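Novice: Here's a structure for you.
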Amino acid sequence: IKMAGDSRFPDVDTDVSERNEETEIVVNVGGVRQVFYGDNLNQYPETRLAELINCLSGGYDSIFSLCDDYDPGKREFYFDRDPDAFKCIIDVYYFGEIHMKKGICPICFKNEMEFWKVDLKFLDDCCKTHLSEKKEELEEIARRVQLILDDLGVDASESRWKRCQKYIWKFLEKPESSYPARVIAVLSFLFILISSVVMCVGTIPDMQVTDAEGNRVEHPTLDSIETACIGWFTMEYVLRLIASPNKLHFALSFMNIVDVLAILPFYVSLTLTHLGAKLMELSNVQQAVQALRIMRIARIFKLARHSSGLQTLTYALKRSFKELGLLLMYLAVGIFVFSALGYTMEQSHPETLFKSIPQSFWWAIITMTTVGYGDIYPKTTLGKLNAAISFLCGVIAIALPIHPIINNFVRYYNKQRVLETAAKHELELMELNSAEGKAASSKSEFEGLVREGKEGPFYSSRLKVSHSDTFIHLLSEDKHYRTRLQSCK
């Protein structure tokens, strides 16, 4: 390290005139030399490059606090940093904004900007989007790894009831945790299918029986199967609610609300059947029960809990609200225009089927969506021409937003696979670091025993690494190990 009093280096020039706007400095970043002038750098005096102009008067201690090395003869500052990222960052001195080149990791680029003390506000909005997406990915990976570590770890200080809650939660919510948990997930999936099939089969007249009042009701066997399925759903929901670490979040979750909607109609209809007759007329009770039984279709959405494909589709639809809104707007405009034209053109025909514009909406809907039931159709030449144009416009309107929706689905599906693989790799890296730490600790302890009495006990404890140590910077502040998440490679 170069010291201020070292005779090998000439004294630092402290002339005040060097800090004017004509000051020239040479910066070598990763072997790439750049020449800067004071009038450009002083636009942002808080950045590291601007501080280099004024550091010469502070001696070598001030210089080496800002750079890795300094050549007094060439007046050249050396930095062991990424030259590609540096080329992007220096744009702030010339253009007032920074654009991140393709191929540079957003997280690494953010770290480079922090090193050069350039505020993130100078990063262009398009690049900030990539940075936020990468942050979300790393946070998701860290969350998944932390969940796995929580499942693997056992806190001896927890009570038996807490440990039992964790076991039940993992048993019911994480099928990949064990073989019995996978069996329970398969059973739950089968109960959902059986319940849905029973609901459909129960509407077949041949599968119904006549009760004492002469009304057609479901077969008693199907009722028994339905009761067994509802019992399973109820037990599953209650156990998951009891074992949930955050019961309010659990109760307000969309899928858990679907579970309640799938279970509740059975108990409400059962209550109305046995107690409602005393409070209201029997016909009203039967109508209410029939309406509630229709709500049993909500249980089919329970399949989304066990299907990653349905979850991906749901997310893709959420991210495609703009495209779906565009599709509905196209169809709405087309329906209004072509229904009005169809009504106007068909008025001259004595047997017209277009009685009014609102009635023509139905014809426009089934025509633009290419369904074409044929219950309403044009009879005049102009009406047929209008119909031809309407279904051609309908095909174009439907086809335009489909591609972005498919892209959202594929992008999210691939992203989930990448995140899952990244979490597994991170765990493998943690296992490897743990194994290397244990091996180094064992070797150190052995060498310490050999040298005992000469150099004293060897400090092997510094090299010990336990399985619970976390190497993800999002989960821990420990910086002794550089992991794939930290290097973003």
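The values are calculated or read from the model by the stated rules, or taken from the named source; none is laboratory data. None of these values were measured; they are calculated from a predicted model. Don't worry about glycine lacking a Cβ; one is built from the backbone with ideal geometry, like all the others, and counts go over all protein chains shown. For the accessible areas, the whole protein counts, side chains as well, though only heavy atoms, and no ligand, DNA or RNA atoms are used. Shrake-Rupley method; radii C 1.70, N 1.55, O 1.52, S 1.80 Å.
Novice: To the nearest 0.05, what FRET efficiency results for Ser224 and Leu190 with a Förster distance of 22 Å applied to their C-beta separation?
Specialist: Calculated transfer efficiency: 0.85.
Novice: Next question, about the same structure. Rounded to the nearest 10 Å², what accessible area does Arg75 have for a 1.4 Å probe in the complete protein model?
Specialist: It works out to around 80 Å².
Novice: Below 11 angstrom from the Cβ of Leu353, what's the summed charge of the other residues (Lys, Arg +1; Asp, Glu -1)?
Specialist: Every neighbour counted, the sum reads -1.
Novice: Once you put a point 7 Å from the Cα of Arg216 and another 7 Å from the Cα of Trp161, both along the Cβ direction, what distance in nm separates them?
Specialist: Roughly 5.3 nm, to one decimal.
Novice: Follow-up. What value in Å³ per residue do you get for the convex hull of the alpha-carbon atoms in the range 24-135?
Specialist: Normalising the Cα hull of the range 24-135 by residue number yields 96 Å³.
Novice: Calculate, in nm to one decimal, what Phe336 and Gln416 gain on full extension: separation in residues at 0.36 nm each, minus their alpha carbon distance.
Specialist: Here the segment from Phe336 to Gln416 would lengthen by 24.7 nm.
Novice: Taking 45 Å as R0, compute the FRET efficiency from the Cβ-Cβ separation of Ser65 and Glu428 and round it to 0.05.
Specialist: E(calc), rounded to 0.05, equals 0.70.
Novice: Given points 7 Å out from each Cα along the Cα-Cβ axis, report the Lys102 to Lys121 separation in nanometres with one decimal.
Specialist: Rounded to a tenth, the inter-label distance reads 3.1 nm.
Novice: Oh, and also: Counting pairs of alpha carbon atoms under 8 Å apart in space and at least six apart in sequence, what relative contact order in percent does the range 22-103 give?
Specialist: Reported relative contact order: 29 percent.
Novice: At a 10 angstrom cut-off on C-beta neighbours, averaged per residue, how do the peptides 386-397, 320-331, 81-92 rank from highest to lowest?
Specialist: In descending order of packing, they fall as 81-92, 386-397, 320-331.
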